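Visitor: Below is one structure. I have some questions about it.
Every number in this text was worked out from the coordinates using simple rules, so none of it is lab data. What you see is a predicted model; the values in this text were computed from it and never measured. No Cβ is skipped: glycine too gets one built from the backbone with ideal geometry, and neighbour counts run over all protein chains shown.
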Amino acid sequence: MEPGEVTVSFEYRRHVGPRYVHGAVTLKFSPSRTFEFRSEAIWPPGEDYTPAIERAVREVLSTRGVLHSTECTLCRVDWDDIASCESGFAAAGRGAALGAFEV
């Protein structure tokens, strides 16, 4: 791990009506001269919520004033065949980005 680098895993699971909403991510944050987001995650065929995760991360980093000095890598996702959805992965991305400031 490089100096200033942090890796955060976050799982979001919420009961909503008759079902659950789920998303789980591992994100690596590193100092950088510009914002960059990339994905190394392997998604199930036909499912890829990387854009939702990136939007959530951008929002958090922007509100914290570090958007233009952070590189973020989506290292891994965990998938639930029934409950995983776009909003769950956005919430997981947001939670992981917020968690990076708590380390």
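Visitor: On a C-alpha basis, how far is the centre of region 1-73 from the centre of region 84-99 in Å? Whole number, if you could?
Guide: 7
Visitor: Another question, then. Along the charge dipole of region 1-66, pointing to its positive end and built from +1/-1 on Cβ of Lys, Arg, Asp and Glu, which listed residue (Val8, Phe29, Thr63) has its Cα farthest out?
Guide: Thr63
Visitor: Quick check for me: using +1 on Lys/Arg Cβ and -1 on Asp/Glu Cβ, what's the dipole size of the chain about its Cα centre, in debye to the nearest 20?
Guide: Its charge dipole is roughly 320 debye.
Visitor: Determine the gain in length on full extension of the stretch Asp48-Arg33; use 0.36 nm per residue of separation and subtract their C-alpha separation, reporting nm with one decimal. Walk me through the numbers on the way to the answer.
Guide: Working: separation 15, 0.36 × 15 = 5.40 nm, distance 2.75 nm.
Extending this stretch completely gives an extra 2.7 nm.
Visitor: Would you kindly give the portion of the calculated P(r) for the chain that falls above 15 Å, as a percent of all Cα pairs?
Guide: Working: 3020 of 5253 pairs.
When all Cα pairs of the chain are counted, 57 percent exceed 15 Å.
Visitor: Oh, and also: Kirkwood Rh and Cα-based Rg: tell me the resulting Rg over Rh for region 1-54, rounded to two decimals.
Guide: Rg divided by Rh gives 1.05.
Visitor: When the helix-only estimate is applied to the chain (DSSP H runs of n ≥ 4, each -39,500 (n - 2.57), divided by the residue count), what is the mean residue ellipticity at 222 nm, nearest 500 deg cm²/dmol? Present the calculation step by step, with values, prior to reporting the outcome.
Guide: On the way: 2 runs with 29 residues, N = 103.
So the helix-based figure for the chain works out to -9000 deg cm²/dmol.
Visitor: May I pose another question? With the crude spin-label approximation of a point 7 Å out along Cα→Cβ, what separation in nm comes out for Arg55 versus Ser69?
Guide: For Arg55 paired with Ser69, the spin-label model returns 2.8 nm.
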